[in-house]
1. From the list 204, 209, exactly one residue is over 23 Å from residue 277 (Cα atoms), surrounded by fewer than 22 Cβ atoms within 10 Å (Cβ to Cβ) and at pLDDT 80 or above. Which is it?
2. Restricting to the range 1-58, what's the tally of residues that are under 30 Å from residue 89 (Cβ atoms) and either part of a helix (DSSP H, G or I) or touching a helix residue (DSSP H, G or I) at 6+ places or on another chain (Cβ under 8 Å) (or both)?
3. When both residues are 6+ apart or on different chains and their Cβ atoms are under 9 Å apart, which pairs have a first residue that lies in the range 21-37 and is within 14 Å of residue 48 (Cβ to Cβ), and a second that is modelled with pLDDT of 85 or more and surrounded by 14 or more Cβ atoms within 10 Å (Cβ to Cβ)?
4. In the range 38-50, which residues are within 11 Å of residue 221 (Cα to Cα), touching a residue at least 40 places away in the same chain (Cβ under 8 Å) and exposed (fewer than 15 other Cβ atoms within 10 Å of the Cβ)?
C-alpha cells in the first residue's frame with residue numbers, strides 16, 4: 001500500500017474516533033435551560049415546577065448520554081478497526097469488520113434508549129393502583145401512523161424476498177451474503193421483522209410501566225419523559241427497517257439488467273435511505289408529541 005493511502009486510512013480512523021469521543025463528551029454536558037423549557041412546552045407542560053425541573057433535566061441528560069454512547073460504540077467498532085486494518089494490511093478487510101454498518105449504529109442508539117428508560121427508577125405497580133385511572137396506550141404517546149408505517153415497511157422488506165430468490169443470483173463469497181443473494185434477503189427480512197416486533201413490544205411496555213400518582217404534575221412530567229423514550233425508540237426502529245428496505249431494494253437492483261427499471265429501483269433504494277435519516281430526526285426528536293392529551297388527563 002502506498003504511503004499516501006496509508007495516511008488516508010489512518011486519518012479516517014482517527015477522525016472517526018475523535019468524532020465519537022467528542023459526541024460523548026458533548027452529551028455529558030449539562031442541558032441548556034432553554035432546551036428543557038422547549039422540551040416541556042412540546043409536551044404540553046407550559047410551566048415546569050421547580051421540584052420537577054431537576055428530575056426532568058437529569059432524565060433528559062441521562063437519556064442523551066446513553067443514546068450517544070449506544071450509537072458511538074458500534075460506530076467506532078465498525079470504522080476504526082476497519083481503517084486500521086486497511087492502513088496496515090490493505091484491502092479487502094475481513095468480512096466481520098463489514099457487519100458494523102449504519103444499522104448497527106442505530107441498534108446501539110436504540111439499546112441506549114432502552115437502558116436509559118429501564119434504569120430510571122419508577123414506583124412499584126402494587127403501590128400505584130390509581131394509575132389505572134389514566135388510560136395508557138401506545139397511540140397516546142406515539143402517532144398511529146408511525147406504528148403502521150413501521151409495520152408496512154417490514155412487510156415490504158419481506159415481500160421483496162421472493163423477488164430476489166426467484167431472480168438470477170450470481171455466486172457470492174461469504175462476506176457478501178449479508179448484502180446480496182437469497183441468504184442476504186432472508187437475513188435482511190428477519191432483521192426488519194425482528195426489529196419491528198421487538199420495538200413495538202418494548203414501546204408498549206414503556207407506556208405501561210408504573211407511574212407516580214400522588215402528584216398530578218409529577219404524573220404529567222412522567223408521561224412526557226416516557227413519550228420522549230417512545231419517540232426515540234420509534235425513530236431508531238423505523239430507521240433500521242427503512243435501511244433494511246433500502247438494502248433489499250439494492251438486492252433487487254443488483255439482479256436487474258441496466259435500464260429504467262433498475263434506475264428506478266436504485267433511486268427508490270436511495271430514497272428509503274434518506275427517509276431513514278428523516279424519520280430518525282423527525283420521529284425520534286420531535287418538537288411536539290402526542291402527550292398533551294395525557295398531560296390534561298393527568299391534571300384532571
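1. Values: 209 fails: at pLDDT 80 or above.
Criteria check complete, one pass: 204.
2. 23
3. Filtered contacts from the range 21-37: 31/60; 31/61; 31/64; 35/60; 36/60.
4. Once the filter is applied, which keeps residues that are within 11 Å of residue 221 (Cα to Cα), touching a residue at least 40 places away in the same chain (Cβ under 8 Å) and exposed (fewer than 15 other Cβ atoms within 10 Å of the Cβ), the range 38-50 yields only 49.
The values are calculated or read from the model by the stated rules, or taken from the named source; none is laboratory data. Quick caveat, the model's predicted, so the values are computed rather than measured. Here the Cβ is made from the backbone with ideal geometry for all residues, glycine too, and neighbour counts use every protein chain on show.
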